[in-house]
Amino acid sequence: MKIFVDTANVAEIREAVSWGVVDGVTTNPTLAAKEGKPFLPILKEICSLTKGPVSAEVLAEDAKGMVEEALPLAKVAPNVIIKIPMTAEGLKAAGELKNRGIKTNVTLIFTANQALLAAKAGATYASIFVGRLDDIGEDGMQPVRDAVQIYKTYCYKTEIIAASIRKPEHVLEAAKAGAHVATIPFPILKQCLGHSLTDKGIQRFLDDWKKVRK
Ligand code: G3P
């Protein structure tokens, strides 16, 4: 499974990339706004930190406007992916951008049927929001499992991104479900890295080694 970092914070991306485990980055308007700076220079810097795909979202609500917003974003770097909302207009824009050779990430997907339509429209990625479904009492991973099965059955090339990841268990479940990608907030990625017994074990080895070296 590929790991994307779900953040627009350059320091977090730099750190995660240094671990050698990052395959790409996803941003959204909320994450971009958190940085409190103009987004285009941030996007440019993020694209210089990873060769992997970097998703940047358009805000227009009609297909023409989405395509117009996408074109300058796609020029920022060759690895920019245009993030488009899962609407009829979004699907139209995804098809149009595909025709122009621009890759897309159809976002705000909450059902496997939406994921099916995103694949048919030619999206490069389909982002299924696991955590937000859990928030409303549903099993957020179920559409991921269903979409994996559907894409396999019909050989769709679209990659499923398990998004809205809130805890390490989501990462594990996404991997078990066969999601192509999990996009993970940096604090959750750090939680995946650590274990108290790892820390304790290192400390014990250091202490024991000091005893024999006396
Ligand atoms: O990639 C989409 C993700 O950022 C949404 O996460 O936590 O706002 O539901 P969240």
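The values are calculated or read from the model by the stated rules, or taken from the named source; none is laboratory data. Predicted, not measured: the structure shown is a model, and the values here were computed from it. In this analysis, Cβ positions are derived from the backbone assuming ideal geometry, glycine residues included, and neighbour counts consider all displayed protein chains. Areas reflect the complete protein model, heavy atoms only, side chains present, ligands, DNA and RNA absent. Shrake-Rupley method; radii C 1.70, N 1.55, O 1.52, S 1.80 Å.
Figures for the structure shown
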{"quantity": "Test result for Lys103, more than 13 Å from the ligand (Cβ to nearest atom), of a type in the set (Lys, Arg), open to solvent by 30 Å² or more (accessible area, probe 1.4 Å) and touching a residue at least 24 places away in the same chain (Cβ under 8 Å)", "calculated": "yes"}
{"quantity": "Residue within region 53-74 that is assigned to a helix (DSSP H, G or I), touching a Phe, Trp or Tyr at 6+ places or on another chain (Cβ under 8 Å) and within 16 Å of the ligand (Cβ to nearest atom) present", "calculated": "no"}
{"quantity": "Residue pairs meeting the criteria (Cβ under 7 Å; at least 6 apart or on separate chains; first farther than 17 Å from Ile82 by Cβ and surrounded by fewer than 21 Cβ atoms within 10 Å (Cβ to Cβ), in region 16-34; second of a type in the set (D, E, K, R) and modelled with pLDDT of 95 or more)", "calculated": "Asp23/Lys2"}
{"quantity": "Among (1) open to solvent by less than 10 Å² (accessible area, probe 1.4 Å); (2) within 13 Å of the ligand (Cβ to nearest atom), the one test that Met141 misses", "calculated": "(2)"}
{"quantity": "Every residue from region 144-173 that is in a strand (DSSP E or B) and either crowded, with 23+ Cβ neighbours inside 10 Å or of a type in the set (Gly, Ala, Ser) (or both)", "calculated": "Ile160, Ile161, Ala162, Ala163"}
{"quantity": "Condition check for Leu91: closer than 16 Å to Lys64 by Cα, in a helix (DSSP H, G or I) and open to solvent by less than 10 Å² (accessible area, probe 1.4 Å)", "calculated": "no"}
{"quantity": "Odd one out for Thr183 among (1) polar (S, T, N, Q); (2) within 16 Å of the ligand (Cβ to nearest atom); (3) surrounded by fewer than 17 Cβ atoms within 10 Å (Cβ to Cβ)", "calculated": "(3)"}
{"quantity": "Residue match in region 117-124 (condition: polar (S, T, N, Q), in contact with a helix residue (DSSP H, G or I) (Cβ under 9 Å, 6 or more places away or on another chain) and either in a strand (DSSP E or B) or under 17 Å from Thr27 (Cβ atoms) (or both))", "calculated": "yes"}
